[in-house]
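Asker: Structure in structure tokens, see below.
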4 protein chains.
Amino acid sequence: MTLAAPEKATVASDYSAEEGRLVIHGRDREGIVSAISSVLADAGANIVSLDQYSTDPHGGQFFQRTVFQVPDFRLVRPDLEASLERVIGNDLGLDWRLIDSSQPKRVAIFASKTDHCLLDLLWRHRRGELPISVQMVISNHPDLADEVRQFGIPFFCVPIRNGDKKAAEAEHLRLLQGNVDLIVLARYMQIISADFIRDVGVPMINIHHSFLPAFIGAGPYRKAKERGVKLIGATAHYVTEDLDEGPIIEQDVVRVSHTATTAELTQRGADVERLVLSRAVAWHCEDRVLRNGNSTIVFAS
Amino acid sequence: MTLAAPEKATVASDYSAEEGRLVIHGRDREGIVSAISSVLADAGANIVSLDQYSTDPHGGQFFQRTVFQVPDFRLVRPDLEASLERVIGNDLGLDWRLIDSSQPKRVAIFASKTDHCLLDLLWRHRRGELPISVQMVISNHPDLADEVRQFGIPFFCVPIRNGDKKAAEAEHLRLLQGNVDLIVLARYMQIISADFIRDVGVPMINIHHSFLPAFIGAGPYRKAKERGVKLIGATAHYVTEDLDEGPIIEQDVVRVSHTATTAELTQRGADVERLVLSRAVAWHCEDRVLRNGNSTIVFAS
Amino acid sequence: MTLAAPEKATVASDYSAEEGRLVIHGRDREGIVSAISSVLADAGANIVSLDQYSTDPHGGQFFQRTVFQVPDFRLVRPDLEASLERVIGNDLGLDWRLIDSSQPKRVAIFASKTDHCLLDLLWRHRRGELPISVQMVISNHPDLADEVRQFGIPFFCVPIRNGDKKAAEAEHLRLLQGNVDLIVLARYMQIISADFIRDVGVPMINIHHSFLPAFIGAGPYRKAKERGVKLIGATAHYVTEDLDEGPIIEQDVVRVSHTATTAELTQRGADVERLVLSRAVAWHCEDRVLRNGNSTIVFAS
Amino acid sequence: MTLAAPEKATVASDYSAEEGRLVIHGRDREGIVSAISSVLADAGANIVSLDQYSTDPHGGQFFQRTVFQVPDFRLVRPDLEASLERVIGNDLGLDWRLIDSSQPKRVAIFASKTDHCLLDLLWRHRRGELPISVQMVISNHPDLADEVRQFGIPFFCVPIRNGDKKAAEAEHLRLLQGNVDLIVLARYMQIISADFIRDVGVPMINIHHSFLPAFIGAGPYRKAKERGVKLIGATAHYVTEDLDEGPIIEQDVVRVSHTATTAELTQRGADVERLVLSRAVAWHCEDRVLRNGNSTIVFAS
């Protein structure tokens, strides 16, 4: 039957097609979208999805995320990279990153004793909801070892002995370096040093248990109770040297009433924390989050 | 038929029944609920709705709001008040207030040039959604005079001449004293002096255009844009001497993205502000809001 | 020190105090609240929390949930029950239930292959968030056996052989009868027969993966995609003979866009399902949910 | 200085720059994004914002909305249209529309006696929040005439005499034809005939006071009360021949409890209705809403 032929053809080309992401950032100027789509079209790539944003079309900052399919991506990649560097890098003066969508981000999760954010990530990971490969879990306490290992994931306990954070961070670096693309602090109750942030060389996402910038620092649910707020929230943000001041990726809130004790706020907040953190990790690992100074552009629907 | 008799009686007593509210606050101890309901039952009052809350059943703060119906409320009121003072005031040592539900709170609204919160209150008032009687609108600018007067409500422009706030506040007091039970600051862009708060002698509700305690003070939408938050909010609170630090009555938020400019945040936030303020005013005027130090108990469903 | 004495006394009486719940339902009439609180006061019980609701103060349906503390609850319980039956049952003609708050409800969870609602309940149970004791998990598939048993909970696989539901339900009854106070259908993909509902004799809570009454029956996420809705939801309800028509306990929604595939709706919806189901189970097991015909009264904050 | 020159040039061209929107729809195929951006670049247009979506990159339906700036849009428009017809229309076989962003959509609003949706639109219109020009308000009742005329907008009362809808619709057509680009039914309580929908030739947006597809038809708040739902909602949709079955543009919900009467549901729902309708009108009039069968693609952030 003739009708079947094109359908088969479509399926056949689908199997050999592979997907890539192109993320671009730099000073806005005329013709960027057209130049990028031409480079991709010349490489035989079909744009599947395109998001762009400019802080100001006249000299602002330009951000674009393009998802494309191209047959034999690995084969054509070197040529595509050369074209991108010539057109996007040199001619237009923009930063660009090319990502193979089939490669999940390698992730280390840090936790302490609280398990809800950690378990939620491991469970979503197992269900295939997150485009990540969890390489290890690191904790300053041994409590969660069994839970983690039941998911088939290595658990390393790195206690902070005699308050010696430097030694612990050195051990962290030995475990992490070269092995991960992202660190997720899933209610890890230790402050990260500026040295570590610099040395580790990969982004870190933290979940803070308040609607930042409200209730920075320790004890946000207790502070929320004292202030008598009617909503409590959680914030996922990139870790910077300034505690709880890094670029916000995602936030959400839940309604509470005067009857809730601090313990109940903590419990209700836990549900928001795990939702917010899992969204932030998913979006980051799909390259949907672009940093713009101390803010983020999030190309998510 | 015998069955018909009590039903007719019920209907008949319904016509002459009137509704009151009893609001109680003080140190918790055993037997309060029982004592209050006995006093009401002895007065022939039928409890229609009862909300109570205790910060701690062993010596914490106790709060109760009871709505009751009683035939000929105005006639029995003196006797009921005497019983309440004896049992609730003297024996139990609690503060109590008795309110005639049929009496709407007399309200003055303060505004500046921004109209959305003011108009929303006036609309709801006209639609009969709010148990209030708007006595006057006071503004430091003349811009909204026509709008207000179309609702049949007096508008008084009290400009602040040469920065002389004291003179303006004196004029406010002359207009307000004895005439209102509540002042609503519907985006009134002036700081209220401690003297005025003390002298005016009625509660004041303010709408702050952020999710407090985030972004206290001026320019919250600009600050929200700079911080890159993913939700913006509004907070209705009682006015105290400490700017934006008074007891919170109600809050809500709306999701925003990186694409929103400060002007668009301002516009989207306006919708939250007017919703939050109208809820706070309705709840206050139905005596559903009880102050507990710097927090509020809100008996609202 | 004299100051210490009353504090010690309070603590001492606190240790022997126990907590009960009294749930009342029936035709509204004058004096109910007063009568109930008198019975409790006479028994030496201190009301900790009281919620009541009447569909109509003149002859409507009256609902009340009272939490009280009383020393030596088990000792005084028989006398209290006698008083309640005399005053509440006989004199006022109301139904009442007295519950010992320290006794968690015994729960069986039914599941099929989908794990998110089941695991979420087991996690919360382990964290102490739910006032339940999970007695067993029953499934028509063996897939989740290991997961469940890691929580130390019995797992029974009752497959439906050759479509013989009657045999399977007979097996369910043998496992359940006398052992549980509540059955939770955590995405159990089998229709429950009217016979089973009658014979099992305990309430059943189901989670339906849509915002009822929209998208009754199978495939709600597919239907939601076809209809192009902008929010998807989940509904926890009591199971009745009419599929997806039982009294609703709790509902919630999440925003989606045109980009979401049916698979993505299913994934996003799973987060709502588990939140909604856990709330409904918690509220039911705290005796906060009272049935009123085909609706529910939910005394939750 | 040479560096200054282009910057000045940019500013100069900015003054004469104008903004257009290009909306495209059709069968997806490779190279569309590239082809469109080339046509725009060749016309000297700078892409300010681009949204696209494909139901399936292999032969699905493709949708794109592009906002661009171009100097002297009116002058270059004929040439641009010729290029678009050649490349987009003929070569790629896609439907396209070119819109001058500076031209607000001309709108007629239909209402009956309920004012909240109508007043909200008029008020947002006056504030400049909506890119529309309200040409007239048509009602089957005279009640809202004064309200509307205070906004400086013509009000036409077209009563339905002796149930003769045909005569009323004929009068509507005389008023509307050639004068409007959009009709908004702001709680207009009359069913629109299939003939009218066909003859009027412009899109119609209706606000339905429920979360469709729940509670289709009359009395949704009463039905919601009977079903005991825990959230109530509103839905803005395009009007089609099938009552309440047209493509959904926007929906939202608000939480309610068992205490709310049908009247209170109606009141709380009114707040959701006006928010949902105003969003749908704004998005439609910014050409952000594209129809895809009985669904919509909404390019809104």
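Asker: Across segment B:224-244, which residue is nearest to the chain's Cα centre (by Cα) among those that are in a loop (DSSP other than H, G, I, E, B) and surrounded by 16 or more Cβ atoms within 10 Å (Cβ to Cβ)?
Answerer: Filtering first and then ranking leaves B:V239.
Asker: Here's something else I'd like to know. If you check B:L265 against the conditions, is it more than 11 Å from chain A (Cβ to nearest Cβ), open to solvent by 30 Å² or more (accessible area, probe 1.4 Å) and either in contact (Cβ under 8 Å) with a residue 12 or more places away in the chain or assigned to a helix (DSSP H, G or I) (or both)?
Answerer: no
Asker: Against the definition (modelled with pLDDT under 90, facing chain C (nearest Cβ under 10 Å) and closer than 22 Å to C:Y53 by Cα), how does B:S13 come out, yes or no?
Answerer: Answer is yes for this residue.
Asker: State the number of residues belonging to segment A:148-192 that are within 14 Å of chain C (Cβ to nearest Cβ), part of a helix (DSSP H, G or I) and open to solvent by less than 40 Å² (accessible area, probe 1.4 Å).
Answerer: Here the count works out to 1.
Asker: What do you reckon, is D:N140 away from chain B (no Cβ under 11 Å) and touching a Phe, Trp or Tyr at 6+ places or on another chain (Cβ under 9 Å)?
Answerer: yes
Asker: How many residues does segment A:69-98 hold that are within 24 Å of A:N292 (Cβ to Cβ) and either within 9 Å of chain D (Cβ to nearest Cβ) or over 21 Å from the mean Cα position of the chain (by Cα) (or both)?
Answerer: Looking only at that region, the number is 10.
Asker: Further, regarding this structure: When you scan segment C:247-257, do you find a residue that is touching a Ser or Thr at 6+ places or on another chain (Cβ under 7 Å) and surrounded by fewer than 23 Cβ atoms within 10 Å (Cβ to Cβ), even just one?
Answerer: yes
Asker: Mind counting the residues in segment D:269-301 that are at the interface with another protein chain (Cβ under 10 Å from one of its Cβ atoms), open to solvent by 40 Å² or more (accessible area, probe 1.4 Å) and part of a helix (DSSP H, G or I)?
Answerer: Within segment D:269-301, residues that are at the interface with another protein chain (Cβ under 10 Å from one of its Cβ atoms), open to solvent by 40 Å² or more (accessible area, probe 1.4 Å) and part of a helix (DSSP H, G or I) number 1.
Asker: Can you tell me how many residues in segment C:198-220 are more than 13 Å from every other protein chain (Cβ to nearest Cβ) and within 21 Å of C:L121 (Cβ to Cβ)?
Answerer: Residues that pass the stated criteria total 8.
Asker: Further question: Identify the residue in segment D:214-223 that is among the small types (G, A, S) and more than 25 Å from C:V298 (Cβ to Cβ) and, among all such residues, is least open to solvent (accessible area, probe 1.4 Å).
Answerer: Going through the qualifying residues, I end up with D:G217.
Asker: Suppose we filter A:G201, A:G269 for residues that are at pLDDT 95 or above and in contact with a Pro (Cβ under 9 Å, 6 or more places away or on another chain); which single one remains?
Answerer: Just one listed residue meets the conditions, A:G269.
Asker: Right, another one. Output yes when any residue across segment C:239-252 is facing chain D (nearest Cβ under 9 Å), hydrophobic (A, V, I, L, M, F, W, C) and touching a strand residue (DSSP E or B) at 6+ places or on another chain (Cβ under 8 Å), and no when none is.
Answerer: yes
Asker: Quick one: in segment C:33-67, which of the residues that are within 8 Å of chain B (Cβ to nearest Cβ) and in contact (Cβ under 8 Å) with a residue 60 or more places away in the chain is surrounded by the most Cβ atoms within 10 Å (Cβ to Cβ)?
Answerer: The residue in question is C:Y53.
Asker: Next up: Of everything in segment D:107-123, what is open to solvent by less than 10 Å² (accessible area, probe 1.4 Å) and either modelled with pLDDT under 95 or not aliphatic (A, V, I, L, M) (or both)? Give them in sequence order.
Answerer: D:F110, D:S112, D:C117, D:D120, D:W123
Asker: Checking C:I197 against (1) buried (at least 24 other Cβ atoms within 10 Å of the Cβ); (2) outside any loop (DSSP other than H, G, I, E, B), which test does it fail?
Answerer: Tallying (1) buried (at least 24 other Cβ atoms within 10 Å of the Cβ); (2) outside any loop (DSSP other than H, G, I, E, B), C:I197 fails exactly one: (1).
Asker: Working only within segment B:245-259, note down all residues that are outside any loop (DSSP other than H, G, I, E, B) and over 17 Å from B:A186 (Cα atoms).
Answerer: Those that are outside any loop (DSSP other than H, G, I, E, B) and over 17 Å from B:A186 (Cα atoms): B:V253, B:V254, B:R255.
Asker: Looking at segment A:208-218, is at least one residue part of a helix (DSSP H, G or I) and assigned by TED's automatic domain parsing to the domain that holds A:N294?
Answerer: Looking for residues that are part of a helix (DSSP H, G or I) and assigned by TED's automatic domain parsing to the domain that holds A:N294, one finds none in segment A:208-218, hence no.
The values are calculated or read from the model by the stated rules, or taken from the named source; none is laboratory data. Since this is a predicted model, take the numbers as computed values, not measurements. With ideal geometry, Cβ positions are generated from the backbone for all residues, glycine too; neighbour counts draw on all protein chains shown. What goes into the accessible areas is simple: the full protein's heavy atoms, side chains included, and nothing from ligands, DNA or RNA. Shrake-Rupley method; radii C 1.70, N 1.55, O 1.52, S 1.80 Å.
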